[in-house]
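Taking it in order: structure first as structure tokens, then the write-up.
The values are calculated or read from the model by the stated rules, or taken from the named source; none is laboratory data. Because the structure is a prediction, the values reported are computed rather than measured. All Cβ positions, glycine included, derive from the backbone under ideal geometry; neighbour counts span all protein chains shown.
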Amino acid sequence: MLHNMVTGGHLGVQKLQGKVKDPRNPQAPLCPSFVSRPYERVALDILGPLPETRDKNRYILVVGDYFSKWTEAFALPNQEAQSVAKVFVEEWVCRYGVPRSLHSDQGRNFESLLFQEVCRLLEINKTRTSPYHPQSDGLVECFNRTLLAMLSLFVDENQNNWDSLLPYVMMEYRSSVHATTGFTPYKVMFGREMVLPVDVMLNVNLEEAFDSPKEYVQRMAETLSTVVGAVQQHQLQASSRQKKYFDFRAQVQYYVEGELVWVRNKARKKGVCFMLQRTYKGPFKVIERLSDVLYQIQPIKGGKTVVVHYNRLKPCVSQFVSERLEGSNVIWCSGDLL
């Protein structure tokens, strides 16, 4: 199209290369998620496998609260659905209560019948990311990188003591100011700052004395009301700023029902070299546009429908190219031979 069509002009190599470099891959705008109180929406993820520890742990279950950014990290020997569900219920639900919404990726442990039954019994609205698009779970994905960076600074040379370090690095994380909220997760949850060992050593950050539990509750309610309002305002400003910068690079050309598209292929198969694997698979037919970023598609040869993120799609221009190759049984479709 950039060379053969009338608007292309059959120009030389350098001019054609310049045109090819100019078009950017379509990218959907950012869709921020807003919550109004702690534990309303919670995210889960599995980090690992990591080196096996002395206690036979190899994975970390990460649970994070979207509002306060309070995050827990539990060491696990495996990532089976039963182990994940047990720790989530006993260590999170029994301590902090039942969240209204639970978000995770499409891992088998989170999509199992057991985990779905747990969510049904607790009346939790379960949502999930689209396949091969971890950005949909940005809260825990960003935390995972931070957690690994902190652990890497303190693990032994053989790296088998990371599970014993988890409580300490989590203490550091919860007592640090989060850029999105402007407060430490600890203060958003408890209305005061955490007393650290250095505070005791230097005799600073002394706790205020109260005459009765009732006075403490009243004072804490006032403080938390102020903190929650400030967090909501700060999160709104941070989300608006992030969306502005992200959408500046976004290019959207929404697909319509019946349109043909290619899907970026990120699945890795045993026995197949990933570097020689085709970048895109398909073509697929758009069945329905579910949201600004999600589409339901189906292979043109038939099969089950799948939901994919907009950023994994690109248009298929087989009709135009097939007309250019009239009389040939080869169809060149957006860079792939069929």
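Scanning segment 170-185 for residues that are in contact (Cβ under 8 Å) with a residue 24 or more places away in the chain and either in contact with a helix residue (DSSP H, G or I) (Cβ under 6 Å, 6 or more places away or on another chain) or farther than 28 Å from Asp55 by Cβ (or both) gives Arg174, His178, Ala179, Thr180, Thr181, Gly182, Phe183, Pro185. Among the residues in segment 143-163, are any surrounded by 12 or more Cβ atoms within 10 Å (Cβ to Cβ), closer than 16 Å to Tyr66 by Cβ and touching a helix residue (DSSP H, G or I) at 6+ places or on another chain (Cβ under 6 Å)? There is no residue in segment 143-163 that is surrounded by 12 or more Cβ atoms within 10 Å (Cβ to Cβ), closer than 16 Å to Tyr66 by Cβ and touching a helix residue (DSSP H, G or I) at 6+ places or on another chain (Cβ under 6 Å). Selection of segment 171-203 for residues being surrounded by 17 or more Cβ atoms within 10 Å (Cβ to Cβ) and farther than 21 Å from Ser225 by Cα yields only Tyr173.
Counting only helices (runs of 4 or more DSSP H) that sit wholly inside segment 59-125, those with at least 3 residues that are closer than 14 Å to Asp45 by Cα and of a type in the set (A, V, I, L, M, F, W, C) are 81-87.
Out of the residues in segment 313-338 meeting the condition of being of a type in the set (A, V, I, L, M, F, W, C) and not in a loop (DSSP other than H, G, I, E, B), tell me which one is modelled with the lowest pLDDT. Checking each candidate, the answer is Leu337.
Does Val140 count as out of contact with any helix residue (DSSP H, G or I) (no Cβ under 8 Å at 6 or more places or on another chain) and surrounded by 19 or more Cβ atoms within 10 Å (Cβ to Cβ)? It is true that Val140 is out of contact with any helix residue (DSSP H, G or I) (no Cβ under 8 Å at 6 or more places or on another chain) and surrounded by 19 or more Cβ atoms within 10 Å (Cβ to Cβ). The set of residues in segment 47-75 being at pLDDT 90 or above and at positive phi consists of Lys56, Lys69. Filtered by the rule that a residue be more than 15 Å from Met171 (Cα to Cα) and in contact (Cβ under 8 Å) with a residue 60 or more places away in the chain, segment 69-91 gives a lone residue, Ala75. If the condition is being touching a residue at least 60 places away in the same chain (Cβ under 8 Å) and under 25 Å from Gly107 (Cβ atoms), then segment 261-291 contributes Arg264, Lys266, Ala267, Ser291. Screening Ser164 with (1) under 23 Å from the mean Cα position of the chain (by Cα); (2) in a helix (DSSP H, G or I); (3) modelled with pLDDT of 90 or more; (4) among the polar types (S, T, N, Q) gives one miss only, at (1).
Screening Tyr295, Tyr310 for residues that are surrounded by 16 or more Cβ atoms within 10 Å (Cβ to Cβ), at pLDDT below 90 and out of contact with any Pro (no Cβ under 9 Å at 6 or more places or on another chain) leaves exactly one candidate, Tyr295. Only residues that are touching a residue at least 24 places away in the same chain (Cβ under 8 Å) and among the acidic types (Asp, Glu) were counted in segment 92-125, giving 2.
I'd like to check something: does segment 245-256 contain any residue that is in a loop (DSSP other than H, G, I, E, B), modelled with pLDDT of 85 or more and at negative phi? Yes; the residues of segment 245-256 include at least one that is in a loop (DSSP other than H, G, I, E, B), modelled with pLDDT of 85 or more and at negative phi.
Looking at segment 199-212, can you tell me whether even one residue there is of a type in the set (Val, Ile, Thr), without any contact (Cβ under 8 Å) to a residue 12 or more places away in the chain and not in a helix (DSSP H, G or I)? Looking through segment 199-212, at least one residue is of a type in the set (Val, Ile, Thr), without any contact (Cβ under 8 Å) to a residue 12 or more places away in the chain and not in a helix (DSSP H, G or I). Kindly check whether there is at least one residue in segment 38-46 that is touching a helix residue (DSSP H, G or I) at 6+ places or on another chain (Cβ under 7 Å), at pLDDT below 90 and of a type outside the set (Gly, Ala, Ser). Looking through segment 38-46, at least one residue is touching a helix residue (DSSP H, G or I) at 6+ places or on another chain (Cβ under 7 Å), at pLDDT below 90 and of a type outside the set (Gly, Ala, Ser).
Within segment 266-305, the set of residues being closer than 20 Å to Thr129 by Cβ, assigned to a strand (DSSP E or B) and either out of contact with any strand residue (DSSP E or B) (no Cβ under 6 Å at 6 or more places or on another chain) or among the polar types (S, T, N, Q) (or both) comprises just one member, Gln296.
Does Pro99 fit the bill of being at pLDDT below 90, of a type outside the set (Asp, Glu), in contact with a helix residue (DSSP H, G or I) (Cβ under 9 Å, 6 or more places away or on another chain) and surrounded by 20 or more Cβ atoms within 10 Å (Cβ to Cβ)? For Pro99, the condition - at pLDDT below 90, of a type outside the set (Asp, Glu), in contact with a helix residue (DSSP H, G or I) (Cβ under 9 Å, 6 or more places away or on another chain) and surrounded by 20 or more Cβ atoms within 10 Å (Cβ to Cβ) - is not met.
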